[in-house]
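Here is the structure we will look at, set down as structure tokens.
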Amino acid sequence: MLKTKPTNAWPDRRQFLRAAAGGAAGLIIGLRMPFGSSRAAALSAEGSFAPNAFVRIAPDNTVTILSKHLEFGQGPFTGLATIIAEELDADWSQMRAEHSPADPQRYNNLFFGPVQGTGGSTAIANSWNQLRRAGAQARAMLVQAAARKWQVAPGEITVESGVLRHSQSDRSATFGELLEDAAQVSLDEEPKLKDPKDFKLIGKRLPKLDTPAKTNGQAVYTLDVERPGMKVALIRYPPRFGARVRSFDDSKTRAVEGVTEVMEIPQGVAVIAEGFWAAKRGREALQVEWDNSQAEHASSERLIARYRHLAERPGAPARNDGEVEQALSSAAQTLQAEYVFPYLAHAPMEPNDCVLEKTSEGVEMWFGSQLQTPDQGAVAKVMGLRPDQVKINTLFAGGSFGRRATPASDMAAEAAEVLKASGGRYPLKVMWTREDDIRGGRYRPLYVHRLAAGLDQEGKIIGWDHTIVGQSIVVGSPFEGMIENGIDPTSVEGARGLPYAIPNLRVTLHTVSDVKVPVLWWRSVGHTHTAYSTETFLDDLARKAGKDPVEWRLKMLSEHPRHAGVLKLAAEKAGWGSPLPEGRARGVAVHESFSSYVAQVVEISRGENGLPRVHKVVCAVDCGIAINPNIIQAQMESGIGFGLGAALYNEIILEDGRVRQSNFHDYWPLRFEEMPEVEVHIVPSGEDPTGVGEPGVPPIAPAVANAWAALTGQSVRRLPFQRSLAEEESS
């Protein structure tokens, strides 16, 4: 539907892969002094001291960290501030956070290469060592400044809760009192880091830094931005993916009070007005004739039938251990199953919007940008500018779940098209309604999985054959270089890396390339469907073998202690095996994604609506060193709510190439009263921290399905539950 193409502002594929494979290569870049070599230059006109790109200390003793990652509720402001405060020995009360400028040279995501962006649960993981050094640098400069000023040895100075002390001379100073002196100290590129046993803030349940502003109305989102003379634009999009404007009649639109201009852009027809409601009424009055000659006309059911046919034979090999066909033919028992997963929308609470203004230097944007570097490049390409002429003011965003991280920078490019078409004569706020986003967004692909497995006489799995069919997220994007030997790793992640000890195991993939539905990563990406198919199929096999699901898994996880660790912990805390009230059952699932390990045990009954009613979820997570247990708990809870709503209710249905759903009344997120009690347990760890934004999602749906099978004997193999159980009832 959207025709924008990747821009040359992205790294080339080799650059991306090299960086993704060894992010440490970019570490020094991110740490270099961004303000030149002069120490005096690190002291701003307001008297603030900026020892490096991530830390700014003000005369009032506040410490502001510059977050290179978008804060859309997942907690980087607090997590990144904690890392710096720990090495700086600051007091938590003096910590502040704000978004950094868009600048890939200083604020690149070290796992993405020379690209600034947030995604893949990498915010903490890629910043861990970088920001520890940034905090330690600032501390070292302050200590050196105090030592010079007091004429004492630096080693005699202690720092605690934002105060430097020299006990022998009974002298002390706050950070704010030493700024001018610190600005004259040379930067230590390799400062000494703390021994983790000395951490005082890391591991504590510190309150989130952005909560006060978000609860007292001070937080600024794109919707809040008003510029002098600003107008609002809405775009009429094609009803089918791939359709184009043939002609349009705007006579009724221009008659709407407040409408000022109507213009065609590559993505559709833009209606510009003095405000949102005038633009909306004007758009509703617009008459457009569409050219559907290149449009998608498929229905979901037709695609599923086609995918099922493909799944009957193996695809391109993603993993091939042993002799699968021989193992299956010699098995004492075999089991086959087919799974169907629908297209899913991201449906964040805040629909996309973007404010742009043409300036004498280029273009200035106010935007909840998740991928600043591609967004800069996309706007620059449309406007005929250099990327560095596009200034992005990154603002809070009301969720994303992947929606804002489009490789082609759809939203930014589209907004720039409207600005360009309008001549840049006034600032513009380009808005998408929720209906625009749900009917014309990008989606988690539709998938069909087919699995077969064989058990020996003792009930051990001796063969496992897994075929996956679906669209690729990365084909045609700057991430296409991730594809190796025909395998898009995002399609098979979680299945290819199945940790269980199975001697003969094959995973293959059919990538469908001629469907025009735009697809995108959706919170936890491929793990959303692979965790479901593998963990529910495993439970079906356990029942067939007469095994306890937890004990059976543990026997096959002897080489994977972190999987086993979270599984044991969740089972123990949930009282696995203990009696339950009549009409209730438990289910379990364990999965690793984004290098974090999560197990969940759920307790369910049959709800009044006939669907599973989830009463309680016991979750165990191993994400390395726990920076802030509060945020880890919140992310597990939100992942469970997000994943549960999708599992029970959500699907984007195509009918003749059109999306049937439009808003929260027919694309139903989990309601507050449906949220289960959640208990989160964190595995103590000395490993480097990994991500928590996504790993809470994958296990919840299979855990509920396994509990449902235990309660009813019914295996749910097509999501959402609402559809599957309704079809079962009517059959």
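The values are calculated or read from the model by the stated rules, or taken from the named source; none is laboratory data. Just so we're clear, the structure is a prediction, and the values are computed from it rather than from any experiment. Note that we place each Cβ from the backbone using ideal geometry, even for glycine, and neighbour counts take in every protein chain shown. With ligands, DNA and RNA removed, areas are computed over all heavy atoms of the protein, side chains included. Shrake-Rupley method; radii C 1.70, N 1.55, O 1.52, S 1.80 Å.
Every condition in (1) in a helix (DSSP H, G or I); (2) open to solvent by 70 Å² or more (accessible area, probe 1.4 Å) is met by GLN168 except one, and the failing one is (1).
Across region 241-263, the qualifying residues are those that are in a strand (DSSP E or B) and without any contact (Cβ under 8 Å) to a residue 40 or more places away in the chain, and the one among them that is nearest to LYS420 (Cα to Cα) is VAL262. Among the residues of region 492-523, those that are within 13 Å of ALA316 (Cβ to Cβ) and either without any contact (Cβ under 8 Å) to a residue 60 or more places away in the chain or among the β-branched types (Val, Ile, Thr) (or both) comprise VAL492, VAL507, THR508, THR511, VAL512, SER513. Among the residues making up region 367-404, those that are under 18 Å from GLY423 (Cα atoms) and open to solvent by less than 30 Å² (accessible area, probe 1.4 Å) are ALA378, VAL379, ALA380, VAL382, VAL390.
Could you check region 171-207 and list, in sequence order, the residues that are open to solvent by less than 20 Å² (accessible area, probe 1.4 Å) and in a strand (DSSP E or B)? Residue satisfying the conditions is ALA173 alone.
Remark: pairs (first residue in region 324-351, within 16 Å of LEU505 (Cβ to Cβ); second residue of a type in the set (Ser, Thr, Tyr) and not in a loop (DSSP other than H, G, I, E, B); Cβ separation under 7 Å; 6+ apart in sequence or on different chains) = LEU328/THR334. Within the bounds of region 296-305, is there any residue that is part of a strand (DSSP E or B) and either in contact (Cβ under 8 Å) with a residue 12 or more places away in the chain or small (Gly, Ala, Ser) (or both)? Looking for residues that are part of a strand (DSSP E or B) and either in contact (Cβ under 8 Å) with a residue 12 or more places away in the chain or small (Gly, Ala, Ser) (or both), one finds none in region 296-305, hence no.
For ASP224, the conditions (1) touching a Phe, Trp or Tyr at 6+ places or on another chain (Cβ under 7 Å); (2) farther than 30 Å from GLN294 by Cβ; (3) surrounded by fewer than 17 Cβ atoms within 10 Å (Cβ to Cβ) are fulfilled apart from (1). Select, from LEU580, LEU554, the only residue that is under 21 Å from VAL680 (Cα atoms), open to solvent by 20 Å² or more (accessible area, probe 1.4 Å) and either in contact with an Asp or Glu (Cβ under 8 Å, 6 or more places away or on another chain) or aromatic (Phe, Trp, Tyr) (or both). Residue meeting the stated conditions: LEU580. Given the structure, is ALA316 surrounded by 22 or more Cβ atoms within 10 Å (Cβ to Cβ) and within 33 Å of the chain's Cα centre (by Cα)? The answer is no for ALA316. For region 92-101, the criterion of being crowded, with 22+ Cβ neighbours inside 10 Å and at pLDDT 95 or above is met by at least one residue. When we screen ILE700, ILE640 for residues that are touching a Leu at 6+ places or on another chain (Cβ under 8 Å) and under 27 Å from TYR447 (Cβ atoms), the only hit is ILE700.
Of all the numbered requirements in (1) in a loop (DSSP other than H, G, I, E, B); (2) open to solvent by less than 50 Å² (accessible area, probe 1.4 Å); (3) within 20 Å of LEU428 (Cα to Cα), PRO348 misses one, and that requirement is (3).
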